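Notes follow once the structure below has been shown.
The values are calculated or read from the model by the stated rules, or taken from the named source; none is laboratory data. As the structure is a computational prediction, the values presented were derived from the model and not from experiment. Every residue, glycine as well, gets a Cβ built from its backbone with ideal geometry; the counts of neighbours run over all protein chains shown. Remember, those area values only see protein heavy atoms, side chains included, never the ligands or the DNA or RNA. Shrake-Rupley method; radii C 1.70, N 1.55, O 1.52, S 1.80 Å.
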Amino acid sequence: MEENNDIFTSDIGETSFDVERNADSREAFNDLRRLRRSLHQYTEKSKTLLHVGFLGHFNAGKSSTINSLVGEVRSSGERLTGLHPTDKAVTLITHPQNSNDLIGAHTRGELDVGSSLVDADILKEVVVIDTPGSGDPLIVEEMVRDFLPICDRIIYTFSATMPLDESDLPILNEVHRELPFIPLRIVVTRGEVFRVDPLKPMTDENSDQPKIDTFTGDLISRLAASVHGLNVAQEDILIVDNLWNYNIDRLRRFILPEVVEGTTLPIQLHTHKVAYFIRNAKTIRTFSVDYLA
């Protein structure tokens, strides 16, 4: 799709709407460009692959959890590494057999989009999306409005040692405000802090379930108080530990209920996404008509 086919994506359009001097016009132009890219990416993506976006700030264990999720041992015996994006890049991770189904990478706007092909069974039906951990408001806005609308599920990662601080709120509020129809689940890393015996590996038998219940209950309450209208249930939270590979198999099932249970959620989700694109396009159109009137 060419970027210079209409007034909103051309230099003439920027001049006509006085983008350089009018902050409202500039915001409308940026919103339209994000919407255009997002809609193009959504229509281009494979409808047979589940796209799962992983969010979370630096040191929350997001990339380590992705490595555990897809990091099956190579024939050399080495673990997969190097799946960490920069602070301004999104990385699409999927199986080599899906290489032709990946959406086209772009470098327009604040985010670069790249890919990593990994020979892991779960990736035969999934595209894992590793997002920047930056708290930069421009990065957050670009990511939520440009790229995350293609996702079928969003996983937000917290560390058990520092759950839900101020740096988490901008992205959580933006995601819930713009994309409340995309299922959101919470993964809590550093699960070793819940061990009964700190000298033994993290297992179901060596986990302090009352402590976990108290922790998750408190997290649910804090999320509800910090992100207006966000409803997270106990079953939407999973404790993992990447050091001991604890609950990683459950994480695979945790993010793939549509595949496991064969629900109709993807159809419902598609309807919500179409409505999202239409609603945002109408908002920008209304601004444009009023501006030119």
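Tabulated results
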| quantity | calculated |
| --- | --- |
| The one condition in (1) of a type outside the set (Lys, Arg); (2) open to solvent by less than 30 Å² (accessible area, probe 1.4 Å); (3) more than 22 Å from the chain's Cα centre (by Cα); (4) modelled with pLDDT under 95 that Phe194 fails to fulfil | (4) |
| Residues of the range 187-200 satisfying the condition of being among the β-branched types (Val, Ile, Thr) and touching a residue at least 24 places away in the same chain (Cβ under 8 Å) | Val187, Val188, Thr189, Val193 |
| Selection count, the range 158-171, where residues are surrounded by fewer than 23 Cβ atoms within 10 Å (Cβ to Cβ) and either outside any helix (DSSP H, G or I) or hydroxyl-bearing (Ser, Thr, Tyr) (or both) | 8 |
| Top-ranked residue in the range 204-217 [being among the charged types (D, E, K, R) and outside any loop (DSSP other than H, G, I, E, B); ranked as most open to solvent (accessible area, probe 1.4 Å)] | Lys211 |
| Residues located in the range 255-283, provided they are modelled with pLDDT of 65 or more and over 17 Å from Arg177 (Cα atoms) | Ile255, Leu256, Pro266, Ile267, Gln268, His270, Thr271, Lys282 |
| Index of the failed condition, Lys200 passing every other in (1) surrounded by fewer than 17 Cβ atoms within 10 Å (Cβ to Cβ); (2) under 20 Å from the mean Cα position of the chain (by Cα); (3) basic (Lys, Arg) | (2) |
| Residues that are open to solvent by less than 20 Å² (accessible area, probe 1.4 Å) and of a type in the set (D, E, K, R), drawn from the range 222-257 | Asp241 |
| Residues within the range 24-72 that are polar (S, T, N, Q), within 19 Å of His270 (Cα to Cα) and either modelled with pLDDT of 90 or more or in contact with a helix residue (DSSP H, G or I) (Cβ under 8 Å, 6 or more places away or on another chain) (or both), tallied | 4 |
| Index of the failed condition, Gly114 passing every other in (1) at pLDDT 85 or above; (2) surrounded by fewer than 18 Cβ atoms within 10 Å (Cβ to Cβ); (3) assigned to a strand (DSSP E or B); (4) of a type outside the set (Asp, Glu) | (1) |
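Each row is one residue, and each column tells you yes or no for (1) in contact (Cβ under 8 Å) with a residue 60 or more places away in the chain; (2) part of a loop (DSSP other than H, G, I, E, B); (3) closer than 23 Å to Leu50 by Cα.
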position: Val127; (1), (2), (3): yes, no, yes
position: Leu138; (1), (2), (3): no, no, no
position: Ile155; (1), (2), (3): yes, no, yes
position: Asn173; (1), (2), (3): no, no, no
position: His176; (1), (2), (3): no, no, yes
position: Ile182; (1), (2), (3): yes, yes, yes
position: Arg185; (1), (2), (3): yes, no, yes
position: Met202; (1), (2), (3): no, yes, no
position: Leu219; (1), (2), (3): yes, no, no
